[in-house]
Amino acid sequence: MDEFLNFAKRIAFYAGNVMKEFFNKEQGVIYKEDRTPVTLADKKINEYLIEEVKKEYPSFKVIGEELSLDNDSDYAWVCDPIDGTSMFTRHVPISVFSLALVKDGEPIVGVVYDPFLDEMYSAIKGEGAYCNDKEIHVNNKKLGELGCNIDYCMWSKAKYDTLEIVKELRNRAKMCSFGSVAHGCMLVASGKISGEIFPGTSHGECDVSASKLIVEEAGGCTSNIHGESQRYDKDIDGFIATNKEVYDELVLELRRFYK
Ligand code: IPD
């Protein structure tokens, strides 16, 4: 497993350099059919990952947000080259790189790298979660308690409209929307905030597969938007990541809204 983690970190450092290189220069932004942006940096990172996987793990799949590599394997490297591309194109330094090794649908190694703060979040299944090699843990704030913050994502074409749930929760938590679900999840894993709500479905596994492992290894809970488990090597059905105190109550609320 250490070998996989070292590989993931090496790709993450490469990605971080590309993100910093393109951060303040012409990014060649184009908008995809779903109106989300993609930059030259997203493509360069995704292409590099595929080249490196072909060299080191030629039988594995790659599921990338911009580009994939199909193989008949139980193992898939699942990657979002830049999570928070929209903020990246606006030169807001919140975006992160995310990569997980998923075996039979279950993330077993994950890294999320914030190149702007040089913070490398990582986890191996069963071995705890770390930020720059220091162990991290979720917090224990309950809904309704001061200092309980929840990040959420929202966009017009999402299968699940988070507006109603945000209105419901706003009296029990400080609701924030930072612009990168993976970054939000790392704030959950490191105890800075208490929860994350992500209504993503198609290609959503690219955004959150590493976060699923890192948050759980930090002592938190994750599931789809209905409180059920799911695979992370194909489209997901939304995603939540919280500390243990918030989880049950949040799932009850989500089930009321998204039957
Ligand atoms: C996006 C970010 C954002 C979320 C979007 C995602 P991307 O990822 O995670 O927080 O609201 O739904 O698509 O497109 O920048 O990789």
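The values are calculated or read from the model by the stated rules, or taken from the named source; none is laboratory data. All of these numbers come straight from a predicted model, not from anything done at the bench. FYI the Cβ positions are ideal-geometry reconstructions off the backbone, even for glycines, and counts take in every protein chain you see. Quick note on the areas: whole protein, heavy atoms, side chains included, nothing else; ligands and nucleic acids left out. Shrake-Rupley method; radii C 1.70, N 1.55, O 1.52, S 1.80 Å.
Of note:
- Three-way shape label, the range 149-257, alpha-carbon gyration tensor, a/c 1.5: rounded
- Using the Cβ of C176 as centre and a radius below 13 Å, the other residues enclosed give a net charge of +1, where K and R count +1 and D and E count -1.
- Ordered by 1.4 Å accessible area with all protein chains kept, D70, D248, D42 run largest first as D70, D248, D42.
- When nucleic acids and ligands are ignored and a 1.4 Å probe is applied, R10 ends up with an accessible area of around 90 Å².
- Of the beta bridges in the chain, as assigned by DSSP with both residues counted there, near 80 percent are antiparallel.
- For the range 77-202, a crude dipole built from +1 on the beta carbon of Lys and Arg and -1 on the beta carbon of Asp and Glu, taken about the Cα centre, is about 480 debye to the nearest 20.
- Expected 222 nm ellipticity per residue - DSSP helices of 4 or more, -39500 (n - 2.57), all of the chain, to 500: -10500 deg cm²/dmol
- Residue-span extension gain [K234 to K174] - 0.36 nm each, minus C-alpha spacing: 18.4 nm
- For a straight C-alpha distance cut-off of 15 angstrom, the aspartates and glutamates reachable from K157 (same-chain residues fewer than eight places away being disregarded) are E33, D34, D237.
- Annotation: per residue accessible area for the range 2-135 equals 46 Å², rounded to a whole number [probe 1.4 Å, protein chains only].
- In order along the range 144-153, phi translates into HN-Hα couplings of x, 8, 4, x, 8, 10, 10, 8, 9, 10 Hz, rounded to whole numbers, per the Karplus curve 6.51 cos²θ - 1.76 cosθ + 1.60 with θ = phi - 60° and x for Gly and Pro.
- Cα-based shape type of the range 42-183, given that a ≥ b ≥ c are square roots of the gyration tensor eigenvalues and the cut on a/c is 1.5: prolate
- For E106, distant residues with modelled amide H under 5 Å away: Y232
- Protection proxy ranking of 162-171, 210-219, by the mean of other Cβ atoms within 10 Å over each peptide's residues and highest first, is 210-219, 162-171.
- Near the amide H of S177, within less than 5 Å, lie the amide hydrogens of Y152, all on another chain or at least 5 residues away, with H placed in the peptide plane.
- 20 Å Cα-Cα threshold exceeded, pairs from K32/K259; K9/K234; K125/K212: K32/K259; K9/K234
- Helices meeting the span-like rule in the chain (full DSSP H runs, Cα extent of at least 15 Å along the helix axis, mean Kyte-Doolittle score of -0.5 or higher): 2-23, 204-217, 244-257.
- Rg over Rh [alpha-carbon atoms, Kirkwood Rh] for the chain: 0.94
- Annotation for the range 153-210 versus the range 1-48: alpha-carbon center distance of 22 Å.
- DSSP beta bridges confined to the range 149-257 are antiparallel in about 55 percent of cases.
- For the range 3-68: rounded, prolate or oblate by the Cα gyration tensor [a/c cutoff 1.5]: oblate
- Relative contact order for the chain, counting Cα pairs under 8 Å that sit 6 or more residues apart, in percent: 18 percent
- With K and R counted +1 and D and E -1, the other residues having a Cβ less than 14 Å from that of P58 yield a net charge of -2.
- Theoretical FRET efficiency, 1/(1+(r/R0)^6), r = Cβ-Cβ of R256 and F116, R0 45 Å, to 0.05: 0.75
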